[in-house]
Each structure stands twice: as structure tokens, then as C-alpha cells.
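As C-alpha cells, the structure follows; a few thoughts come after it.
Here, each number is a calculation from the coordinates, and none is a lab measurement. Everything quoted here is computed from the prediction, not taken from an experiment. Every residue, glycine as well, gets a Cβ built from its backbone with ideal geometry; the counts of neighbours run over all protein chains shown.
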Amino acid sequence: MRLLKERIKKDGKALSKTVLKVDSFINHQVDIEIMEEIGKDFAEHFKDRGITKVFTIESSGIAPALMTAKYLDVPMLILKKQNSKILNDNVYQTRITSFTKGTTYELTLFADYIQPEDRVLLIDDFLANGEAAMGASRIIAESGAELVGVGILIEKSFQKGRKRLEDAGYYVYSQARIGRLDNGVIEFLSEDAPVMEGVEEKDLL
């Protein structure tokens, strides 16, 4: 997605070979206009997959997931990272480890909000090692529903997340694929570039 790539180039800050800071417009201060365009792009890309619900994981994925659900005209659900006093035992849960924070937590969904006939689109802001997305996929599979697509704003293609998801049989669409990060350096991959291994200079934009 050209608009997102341009914004990352303008306002994103590469702090190291693995850390990209985009908190000025995605995950701390949120630019509503670009979120709307992100939602439109996801909705257009996944419009023929029969999606009945959009899922995300709190909290950075909420804004793009909400806009995507708006343009697909379906409900949006938030997978919780913290236990809630109002949730009873009728829940699906799985344990995941955050790559960014290095913490482990229970991902939780109230069972009343998903049915076996649901076709789910998962939206998240970053894809690195794929732990959060794989955790969400386990919850969806346990419910009997189907995960029909994973939409990612920013994919770190030099890490293993996309390969994990595709090896598990899931379709992944990333709006911005990053082939290399370094201090002050952000290099994008073309949309049809190879996954992880085999990335060549010609694939960099």
C-alpha cells in the first residue's frame, strides 16, 4: 500500500535491525485518515472471502480492524490480553509470548462472540515472529470457525512470522513488507518478493 509506505518513510523511525517505531501515527497517536484508508484497502482486498467477523488483538490492532470491519460491514471483536472480571468460564484461551515486550500472557475470547460458521479475518499492526497471530488462529480453530485471512499493516519480512502462518495454511496480505531495518534505514520489499530466505536486492524497493 503506497500511502502507508510513504508515511512510514516520512514518520517511521528505525531504531535497530528489528525495531521500527511508528507510534506517531499507528500505535500511540493514531492518524484517523490513514486508518480509514488502511481499512478500505483491507476491505477491498478481502471482499470476496465471505468474511463474517474481523478479529484483532488489543490494543494496537483496534484502529485498523475497526475501519476494516466498517467497510466490510461486519462486527469487530477484540481478543483480550488480560483477564476480565466480567468474563466467566465460557471462554477460549491460549498462551502467547510478545516479541516486542518479551512477556507471556493469556489471549482470551468470550465464546458467545464466535460461532462455528464464522469466517474470520484477523487484522494486526505488526507481523514479526507470528506468535500473536498463531495464538489467535488457535482460538479460532478451537471454536470451529475458520480463519480465512490475516491482514498486516507492517510485516518484518526478515523474521519468521509470515512463513509460520503460510506453512500453517493461512493466507497473509501485508500492506508494507520490510526487507531490512537498521539504525535510520528502512527498506521495503516488493509485494511478490520471496518469503524470508532468498530475498535479493532486486526485491527491495
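Observations on the structure shown:
- Full-extension gain in nm, residue 15 to residue 104, via 0.36 nm per residue minus C-alpha separation: 29.7 nm
- For P(r) over Cα pairs in 10 Å bins from 0, in percent, calculated from these coordinates, the label among (1) 8, 21, 14, 11, 14, 16, 12, 4, 0; (2) 9, 36, 38, 15, 2, 0; (3) 6, 12, 7, 7, 7, 6, 6, 7, 7, 9, 11, 10, 5, 1, 0: (2)
- Cα-based helix-to-principal-axis angle, 62-72 vs the chain, degrees rounded to 10: 80 degrees
- Normalising the average separation of contacting C-alpha pairs (under 8 angstrom, six or more residues apart) by the number of residues puts the relative contact order of the chain at 19 percent.
- Protection proxy ranking for 57-65, 120-128, using the average of other Cβ atoms within 10 Å per residue and placing the highest first: 120-128, 57-65.
- Amide H contacts under 5 Å for residue 127: 154, 155, 156, restricted to partners 5 or more places along the chain or on a different chain, H placed in the peptide plane at 1.01 Å from N.
- Value of [θ]222 nm, deg cm²/dmol, for the chain, DSSP H segments ≥ 4, -39500 (n - 2.57) each, nearest 500: -8500 deg cm²/dmol
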